[in-house]
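A.B. asks: I am attaching a structure below and will ask some questions about it afterwards.
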Amino acid sequence: MQILEVAPPVIGPGMVLVRNHYSLISAGTEGSTVTSARKNLLGKAKERPQQVKQVLEVLRQQGPVQTYRAIMKKLDSYSPLGYSSAGEVIDIASNVRGFAVGDLVACAGVGFASHAEIVAVPANLCVKLLHDADLKMAAYNTLGAIALQGIRQADLRFGETCAVIGLGLLGQITCLLLRASGIKVVGIDIDPHMVETASKQCADLAFTRDEIGLPEKIDEFTGGIGVDGVIIAAATHSADPINFAGRIARKKGKVVIVGNVPTGFDRDPYYYRKELEVRMSCSYGPGRYDLNYEEKGIDYPAGYVRWTENRNMQAFQEAVHSGKIDINYLTTHTFDLDNAADAYNLILSKSEPFLGILIKYDLQNKQLIRKIITNTGRATGSVAISFVGAGSYAMSHLLPNIPKDSEIVLKGILTSSGTSSRTVADKFKFEFCTSDENDIFNSSETNTVFIATRHNSHAPYVTTALRAGKNVFVEKPLCLTETELAEIDRIYRQPTANGPQPLLMVGFNRRFSPLIKILKEKIGSGPMAMLYRINAGAIPSESWIQDKEIGGGRIIGEICHFVDLLTHINGSLPERVFASAVPDPLGLSDTLAINLAFSNGSISTISYYANGAKSMAKEYIEIYCTGTIAVLKDFKELEVYGGGSPIRKKLLNQDKGQEGMVKAFVEAVRMGKRAPIDYNEIHAVTVATFKIIESLKSGNSVRLGTAQ
């Protein structure tokens with residue numbers, strides 16, 4: 001655990017920039033995270049068997065090098081803690097309404113409302129507070145919303161009885177809100193101190209779990225009926241909470257699971273005979289995990305979804321501010337940010353009783369430092385690289401493959417999160433990390449920019465970099481719309497007054513695979529018939545990749561790879577496309593067949609399937625040309641038939657060409673050469689993906705009309 005100086009987060013569309021006054025430590029969730037982080041690799045593996053399976057699958061498909069990089073990328077990354085805070089708005093995105101600089105707000109969200117001086121939070125995860133709000137109490141925002149959502153799932157009425165199992169911070173808030181709603185409360189916990197606190201502050205009755213005759217005492221309290229609802233706010237590997245809930249619930253009662261507990265209850269005698277209803281409570285409420293709600297700020301109409309996560313937060317804050325509930329007693333400790341490690345040591349050692357632990361921030365120094373120097377004394381080289389965005393792919397496949405050369409210097413790194421920027425800067429020895437794009441695009445010290453952000457930001461960053469005269473490497477896709485492509489094309493093709501034209505390269509890595517180089521040599525030239533089958537696997541519809549505005553969907557975002565490779569293999573540009581897709585109720589169109597015709601007479605079929613089994617290899621290619629056949633299997637095996645004995649090449653590890661691609665681009669910059677991929681091919685491939693979508697909509701073959 002470290003207290004790090006990082007660049008403030010980038011305020012993206014729909015976001016609010018907040019200077020925290022207080023943030024709340026969730027002892028259960030964060031204590032578990034810290035405990036896991038302090039374990040060795042074997043301990044981590046035992047806790048996460050599902051992730052171990054994923055590691056083994058990556059090892060099988062991609063080999064030890066890529067597997068090691070993927071693991072270490074996770075283990076070596078700084079991971080911010082916290083998800084509930086309160087503070088003051090210091091900036092807002094241009095499209096945000098309802099907030100102004102100076103407003104007091106309460107914030108929520110993992111990765112947003114972190115323990116940090118400055119946080120960037122989507123507007124729907126912020127609630128505006130009254131000017132006299134107590135920010136200490138407001139910092140309980142997230143847990144308050146979680147507790148409220150559990151209560152709403154229990155659907156209790158005035159005068160009914162609810163048992164709350166687990167009297168930690170979440171359980172105590174749940175009890176307070178229940179009593180304020182006219183519900184009689186029975187609290188249960190294994191910790192006598194928590195039971196004693198609840199009996200004084202928030203429960204009509206409170207018991208330790210090992211209390212003799214506990215079920216009978218609860219029966220007596222409810223007049224022999226049993227409790228109307230049970231809310232489980234505990235965190236345990238034991239099935240006792242859910243089975244005990246079945247014992248004390250009345251017939252046709254509800255059991256709501258809020259905490260992290262097993263759900264494998266005993267069917268008989270209680271759940272079956274009482275016809276009990278088990279409900280899961282999803283975090284803060286409706287809107288959670290919905291990209292449209294949380295990131296795009298699209299609200300649900302109150303007439304149809306009365307209580308969203310934001311409205312739950314508002315209701316909790318109103319209950320606190322009005323005095324309907326008093327949560328002052330919950331705060332047992334407050335630590336300054338610099339002493340935050342002491343708070344976690346207290347949680348793990350349990351050296352003294354605790355409930356709510358707040359982190360307090362120094363508000364005297366309000367200077368916003370956007371650029372953090374992380375390494376100094378680097379020599380200036382002919383290739384001065386800065387990165388915009390550096391997520392999973394960049395850290396696994398781009399950054400590790402940049403050659404270690406005195407002529408190559410890593411200058412600046414900009415990501416949406418200050419924590420991730422600092423992670424990349426420290427791991428790969430960048431000179432600085434920043435949250436201001438001007439430090440990169442307007443700097444004379446950077447001549448080359450790698451762009452590895454989400455797809456919808458590619459075109460704006462590419463045009464900005466080209467206007468600034470920077471060489472550009474952008475991860476696929478180049479852009480999401482034909483309008484964006486036209487603007488890139490206009491800027492790229494216009495004559496430059498100062499020096500040579502900057503290089504523009506898209507991350508089409510497969511053409512740089514060593515097996516593709518051999519295939520090209522052996523297959524010869526001339527019209528080809530090409531088959532490319534991709535067992536792509538499903539991506540959930542709620543993923544940002546499937547979102548047409550952010551990721552562009554899989555045709556633009558991924559199929560461009562395969563169009564490019566076939567363009568490279570046959571040596572001419574695509575001219576015509578016809579596509580058809582398997583009917584899909586969600587409209588994803590990610591199981592489809594694409595026929596492409598090329599200017600030299602070559603034809604191809606791309607069979608892209610999202611409905612297959614992961615156990616089968618992902619990519620398979622067959623090329624037929626003038627008596628020769630080449631077969632490539634998942635970029636590990638190549639077979640070439642024709643003119644004698646078959647040629648067979650097999651790699652120890654899968655190689656999709658990322659290393660060759662990065663080195664070729666950097667070398668082109670260093671030597672002043674042409675870009676490794678001709679711009680006309682990049683343009684044509686990008687147009688082809690747009691025309692695939694057009695063909696799907698029209699049901700007709702579509703000509704590309706691309707520039708030669």
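A.B. asks: So if I check each of LEU177, LEU81, which one is closer than 30 Å to ARG250 by Cα and either surrounded by fewer than 17 Cβ atoms within 10 Å (Cβ to Cβ) or in contact with a helix residue (DSSP H, G or I) (Cβ under 6 Å, 6 or more places away or on another chain) (or both)?
C.D. replies: Answer to the selection: LEU177.
A.B. asks: Quick one: VAL577 ticks every box in (1) touching a helix residue (DSSP H, G or I) at 6+ places or on another chain (Cβ under 8 Å); (2) modelled with pLDDT under 95 except a single one, so which number is it?
C.D. replies: Among (1) touching a helix residue (DSSP H, G or I) at 6+ places or on another chain (Cβ under 8 Å); (2) modelled with pLDDT under 95, VAL577 violates only (2).
A.B. asks: Additional query: Over 21 Å from the mean Cα position of the chain (by Cα) and farther than 23 Å from THR376 by Cβ, is that true of THR496?
C.D. replies: yes
A.B. asks: Quick one: which residue in LEU358, LEU368 is in contact (Cβ under 8 Å) with a residue 24 or more places away in the chain, in contact with a Pro (Cβ under 7 Å, 6 or more places away or on another chain) and not in a helix (DSSP H, G or I)?
C.D. replies: Among LEU358, LEU368, only LEU368 is in contact (Cβ under 8 Å) with a residue 24 or more places away in the chain, in contact with a Pro (Cβ under 7 Å, 6 or more places away or on another chain) and not in a helix (DSSP H, G or I).
A.B. asks: I'd like to verify a number: residues in region 464-511 that are surrounded by fewer than 19 Cβ atoms within 10 Å (Cβ to Cβ), within 21 Å of ALA664 (Cβ to Cβ) and acidic (Asp, Glu), how many?
C.D. replies: 0
A.B. asks: Related question: Here is a list of conditions, (1) among the aliphatic types (A, V, I, L, M); (2) farther than 30 Å from GLY109 by Cβ; (3) out of contact with any strand residue (DSSP E or B) (no Cβ under 9 Å at 6 or more places or on another chain), and VAL409 meets all of them except one; can you say which number that is?
C.D. replies: The one condition VAL409 does not meet is (3).
A.B. asks: Given the conditions (1) within 17 Å of PRO215 (Cα to Cα); (2) touching a residue at least 40 places away in the same chain (Cβ under 8 Å); (3) out of contact with any Gly (no Cβ under 7 Å at 6 or more places or on another chain), which single one is not true for ARG247?
C.D. replies: Failed condition: (2).
A.B. asks: Here's another thing I want to ask about it. Of all residues in region 305-324, which are of a type outside the set (A, V, I, L, M, F, W, C), under 14 Å from TYR284 (Cβ atoms) and in a helix (DSSP H, G or I)?
C.D. replies: GLU309, ASN310, ARG311, ASN312, GLN314, GLN317, listed by residue number.
A.B. asks: If you check GLN658 against the conditions, is it in the same structural domain as ASN570 (by TED's automatic domain parsing), buried (at least 16 other Cβ atoms within 10 Å of the Cβ) and at pLDDT below 95?
C.D. replies: no
A.B. asks: Check GLU220, GLU216, GLU211 and return the single one that is among the acidic types (Asp, Glu), part of a loop (DSSP other than H, G, I, E, B) and over 23 Å from GLU30 (Cβ atoms).
C.D. replies: GLU211
A.B. asks: Does region 678-697 include one or more residues that are assigned by TED's automatic domain parsing to the domain that holds SER599, in contact (Cβ under 8 Å) with a residue 24 or more places away in the chain and not in a helix (DSSP H, G or I)?
C.D. replies: no
A.B. asks: Checking SER238 against (1) over 24 Å from LEU129 (Cβ atoms); (2) touching a Phe, Trp or Tyr at 6+ places or on another chain (Cβ under 7 Å); (3) in a loop (DSSP other than H, G, I, E, B), only one condition comes out false. Which one?
C.D. replies: Only one criterion in (1) over 24 Å from LEU129 (Cβ atoms); (2) touching a Phe, Trp or Tyr at 6+ places or on another chain (Cβ under 7 Å); (3) in a loop (DSSP other than H, G, I, E, B) is unmet by SER238, namely (2).
A.B. asks: Name the residues in region 491-528 that are more than 23 Å from GLN658 (Cβ to Cβ), of a type outside the set (A, V, I, L, M, F, W, C), touching a helix residue (DSSP H, G or I) at 6+ places or on another chain (Cβ under 9 Å) and not assigned by TED's automatic domain parsing to the domain that holds ILE693, would you?
C.D. replies: Scanning region 491-528 gives TYR492, ARG493, GLN501.
A.B. asks: Considering region 593-623 alone, what residues qualify as being of a type outside the set (D, E, K, R) and not in a strand (DSSP E or B)?
C.D. replies: Matches in region 593-623: SER599, ASN600, GLY601, SER602, ALA610, ASN611, GLY612, ALA613, SER615, MET616, ALA617.
A.B. asks: Any residue in region 197-204 that is more than 38 Å from the chain's Cα centre (by Cα), assigned to a helix (DSSP H, G or I) and of a type in the set (A, V, I, L, M, F, W, C)?
C.D. replies: Within region 197-204, none of the residues are more than 38 Å from the chain's Cα centre (by Cα), assigned to a helix (DSSP H, G or I) and of a type in the set (A, V, I, L, M, F, W, C).
A.B. asks: Give me the residue from region 371-400 that is among the polar types (S, T, N, Q) and buried (at least 17 other Cβ atoms within 10 Å of the Cβ) and, out of that set, nearest to ASP76 (Cα to Cα).
C.D. replies: SER396
A.B. asks: So, PRO301, is that one surrounded by fewer than 17 Cβ atoms within 10 Å (Cβ to Cβ) and modelled with pLDDT of 95 or more or not?
C.D. replies: In short, yes.
A.B. asks: Given the conditions (1) in contact with an Asp or Glu (Cβ under 8 Å, 6 or more places away or on another chain); (2) surrounded by fewer than 16 Cβ atoms within 10 Å (Cβ to Cβ), and given that GLY213 satisfies all but one, which numbered condition is not satisfied?
C.D. replies: Going through (1) in contact with an Asp or Glu (Cβ under 8 Å, 6 or more places away or on another chain); (2) surrounded by fewer than 16 Cβ atoms within 10 Å (Cβ to Cβ) one by one, GLY213 breaks only (1).
Listed here are the residues, each with its yes/no results for (1) buried (at least 20 other Cβ atoms within 10 Å of the Cβ); (2) modelled with pLDDT of 80 or more.
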residue	(1), (2)
GLN2	no, yes
TYR22	yes, yes
ILE25	yes, yes
GLN51	no, no
GLN54	no, no
GLY63	no, no
ASP76	no, no
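A.B. asks: Just to be sure before I move on: is LYS649 part of a helix (DSSP H, G or I), surrounded by fewer than 21 Cβ atoms within 10 Å (Cβ to Cβ) and not aliphatic (A, V, I, L, M) in the structure I sent?
C.D. replies: No.
A.B. asks: Would you point out the residue of region 246-262, among those that are among the small types (Gly, Ala, Ser) and outside any strand (DSSP E or B), that is farthest from the chain's Cα centre (by Cα)?
C.D. replies: Once the filter is applied, the top-ranked residue is GLY246.
A.B. asks: Just the residues that are within 25 Å of the chain's Cα centre (by Cα) and surrounded by fewer than 17 Cβ atoms within 10 Å (Cβ to Cβ), please, taken from region 546-573.
C.D. replies: LYS548, GLU549
A.B. asks: Let me ask you something else. Tell me the strands (runs of 3 or more DSSP E) entirely within region 397-494 that contain at least 2 residues that are free of Cβ contacts under 8 Å to residues at least 40 places away in the same chain.
C.D. replies: 408-414, 471-474
A.B. asks: Has region 142-156 got any residue that is over 21 Å from TYR293 (Cα atoms) and in a loop (DSSP other than H, G, I, E, B)?
C.D. replies: Within region 142-156, one or more residues are over 21 Å from TYR293 (Cα atoms) and in a loop (DSSP other than H, G, I, E, B).
A.B. asks: Out of ASP436, ASP426, which single residue is modelled with pLDDT under 95 and under 25 Å from LEU480 (Cα atoms)?
C.D. replies: Result of the check over ASP436, ASP426: ASP436.
A.B. asks: Take ALA529 and tell me if it is hydrophobic (A, V, I, L, M, F, W, C), closer than 27 Å to SER457 by Cβ and touching a residue at least 60 places away in the same chain (Cβ under 8 Å).
C.D. replies: No, not satisfied.
A.B. asks: Give SER604, SER572 a once-over and let me know the one that is in contact (Cβ under 8 Å) with a residue 60 or more places away in the chain and either of a type in the set (S, T, N, Q) or not assigned by TED's automatic domain parsing to the domain that holds ASP634 (or both).
C.D. replies: SER604
A.B. asks: May I ask you to list the residues in region 543-565 that are more than 15 Å from LYS656 (Cβ to Cβ) and in a helix (DSSP H, G or I)?
C.D. replies: Result: GLY553, ARG554, ILE555, ILE556, GLY557, ILE559, VAL563.
A.B. asks: So for region 82-98 (the condition being outside any loop (DSSP other than H, G, I, E, B), over 30 Å from LYS429 (Cβ atoms) and of a type in the set (Asp, Glu)), does at least one residue qualify?
C.D. replies: yes
The values are calculated or read from the model by the stated rules, or taken from the named source; none is laboratory data. Bear in mind that the values here come from a model prediction, so they are computed numbers and not experimental data. Methodologically, a virtual Cβ is constructed for each residue, glycine included, from the backbone with ideal geometry; neighbour enumeration extends over all protein chains shown.
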